[in-house]
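Asker: The structure is given below, and queries will be raised subsequently.
The values are calculated or read from the model by the stated rules, or taken from the named source; none is laboratory data. Everything numeric here is computed off the predicted structure, so don't read it as measured data. Neighbour counts run over all protein chains shown; Cβ positions are idealised from the backbone, glycine included. Note: areas computed on protein heavy atoms with side chains; ligands, DNA, RNA excluded. Shrake-Rupley method; radii C 1.70, N 1.55, O 1.52, S 1.80 Å.
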Amino acid sequence: MTQHTRPSRRRRRMALAVPLTAALVCAATACSAGSVRPTSTTTTASVGQLQLARLARQDVAAGAPGVLVRVDDGHGSPIQIARQAAWSVADHRLDVDDQFKMGSNSKTMVATVILQLVAEHRIELTDPVDKWLPGLVPNGHAIPVGMLLNHTSGLFNHSNDPAVLRTFTGQDTRQWTPQQLVAAAVEHGPLFAPGARFSYSNTNYVALGLVAEKATGQRLADLIQQRIVKPLHLEHTYLSSGVIQPTDPHLAHGYEPDAAHLGPVLPAGTPPGTHFVGGSRADGYVDVTRIGLTTEAGAGGVISTADDWARFDKSLLSGRLLPPAQMREMRTTVSEGSSTSNRYGLGLEQIVTPCGTAWGHGGQVPGYSSEDYTDGTGQRTVSVFTSTIFGLANPRTGRADQALVNAAVCAMFDKPVPRATASPT
């Protein structure tokens with residue numbers, strides 16, 4: 001999703017949690033529905049589960065339509081929690097096994113495929129984009145594949161193009177091809193010379209998907225299935241073609257604020273009339289589940305579950321999917337800028353938290369925000385899924401959601417939440 005028309009995807013990182021001051025009282029009906037899966041019987045796990053269940057309830061009470069939490073500290077069964085607003089139950093009863101639109105978490109899978117092809121000597125990180133996509137990217141001879149992977153290419157983010165944004169919000173039902181998304185991006189010209197600095201751009205990963213397809217003669221969706229999904233037995237994971245089946249009983253529903261509630265939280269410069277299309281619901285939300293992923297491609301088109309994603313993260317960080325040389329490349333990072341201590345590798349982000357250094361990614365597409373992390377060995381994993389993006393721009397909702405993420409990451413490390421980051425109030 002665009003970096004300029006949504007809450008920053010890094011706003012919610014533990015080390016960078018911004019104090020929010022305004023408050024909004026939630027309706028009593030927004031706080032009831034939910035489920036908790038049994039976990040291990042140790043005292044530490046029980047205390048952690050109770051704390052996370054309480055924070056998940058508070059997140060929903062503060063306005064989040066729904067949250068899914070999965071925490072595995074490497075000992076015993078994982079903690080799994082689902083909570084949702086009572087008004088959303090008629091659409092879909094949220095369950096910990098539900099599929100979720102993973103957004104930019106997809107980049108980690110695409111980067112894994114690219115690095116597997118590097119290990120097979122079918123692609124080189126130093127290959128210029130022009131070698132694989134001749135004529136598609138201006139100055140492509142000066143942009144190597146490695147710069148696409150770590151967002152130092154300077155390519156404009158296609159998600160910021162007004163025409164793409166209209167499809168992203170559901171105001172236009174156009175079906176974009178990956179080539180068209182890249183073309184929309186390069187119409188705006190580069191942001192800087194290749195390699196000059198870091199700037200997160202979804203265009204990089206749309207282009208990488210095309211590179212993988214050109215190098216193999218196979219569709220990106222098939223490459224992900226053959227190289228990641230099938231070997232790991234990820235039974236509920238796939239790269240979407242862009243069209244979402246709204247009647248899929250396993251897909252969690254996603255929500256965004258209606259036009260009246262969205263307008264005040266949109267940043268300056270957002271095109272007039274921007275709003276999400278969907279059926280009206282309680283608490284000022286619209287159901288955006290039917291909005292497809294045609295604007296995402298390799299940048300954010302994967303659908304998965306918390307359990308599947310934990311298996312993927314564990315397999316990746318433990319070295320099952322990549323040889324040591326490519327794993328080192330993936331974990332070679334660049335600064336994301338002076339305002340954050342987080343660093344970006346090749347489709348993998350290094351997050352500095354009060355409870356330890358984590359590796360993973362975040363993702364946001366209409367109605368779906370997700371954060372997925374693991375420790376450096378892949379033995380511990382955490383996922384927090386929230387069924388809204390812009391709903392978190394409400395100060396009280398955002399603060400409660402951040403408190404849940406803080407606690408979940410600390411639970412992954414089997415550590416108490418530092419007092420300074422523990423409270424959602």
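Asker: Note down the net charge around Gly298, summing +1 for each Lys or Arg and -1 for each Asp or Glu among other residues with Cβ under 10 Å from its Cβ.
Answerer: Overall, the nearby charge balance is -1.
Asker: How many percent of the accessible area of the chain is carbon or sulfur, using a 1.4 Å probe?
Answerer: 54 percent
Asker: Ok, one more. Find the Rg to Rh ratio for region 140-211, where Rh is the Kirkwood radius over alpha-carbon pairs and Rg uses the same atoms.
Answerer: 0.98
Asker: Turning to a different aspect of this structure: Over the chain, with a Gaussian network built from C-alpha contacts below 10 Å, which listed residue (Ala85, Ala184, Ala408) shows the highest mean-square fluctuation?
Answerer: Of the options given, Ala184 has the highest mean-square fluctuation.
Asker: Can you give the calculated 222 nm mean residue ellipticity of the chain, where each DSSP H run of n ≥ 4 adds -39,500 (n - 2.57) and the sum is split over every residue, rounded to the nearest 500 deg cm²/dmol?
Answerer: The helix-only estimate for the chain comes to -8500 deg cm²/dmol at 222 nm.
Asker: Under the classification rounded if a/c is under 1.5, otherwise prolate if a/b is larger than b/c and oblate if not, where does region 135-275 fall, given a ≥ b ≥ c as square roots of the Cα gyration tensor eigenvalues?
Answerer: oblate
Asker: Here is a further query. With no solvent and one point on each alpha carbon, what is the Debye value of log10 I(q)/I(0) for the chain at q = 0.08, 0.09 Å⁻¹?
Answerer: Each listed q corresponds, in turn, to -0.39, -0.50.
Asker: In square nanometres, what is one fourth of the surface area of the convex hull spanned by the alpha carbons of region 257-406?
Answerer: In nm², the orientation-averaged hull projection of region 257-406 is 10.6.
Asker: Just the number please: accessible area per residue for the chain, 1.4 Å probe, all protein chains included, in Å².
Answerer: With all protein chains present, the chain gives 37 Å² per residue.
Asker: Show the residues, 5+ positions off or on another chain, whose built amide H is closer than 5 Å to the amide H of Thr353.
Answerer: Placed amide hydrogens put Ala358 under 5 Å from Thr353.
Asker: If eta is 0.890 mPa s and T is 25 °C, what Stokes-Einstein diffusion coefficient results for region 288-352, Kirkwood Rh from Cα pairs, in µm²/s?
Answerer: 174 µm²/s
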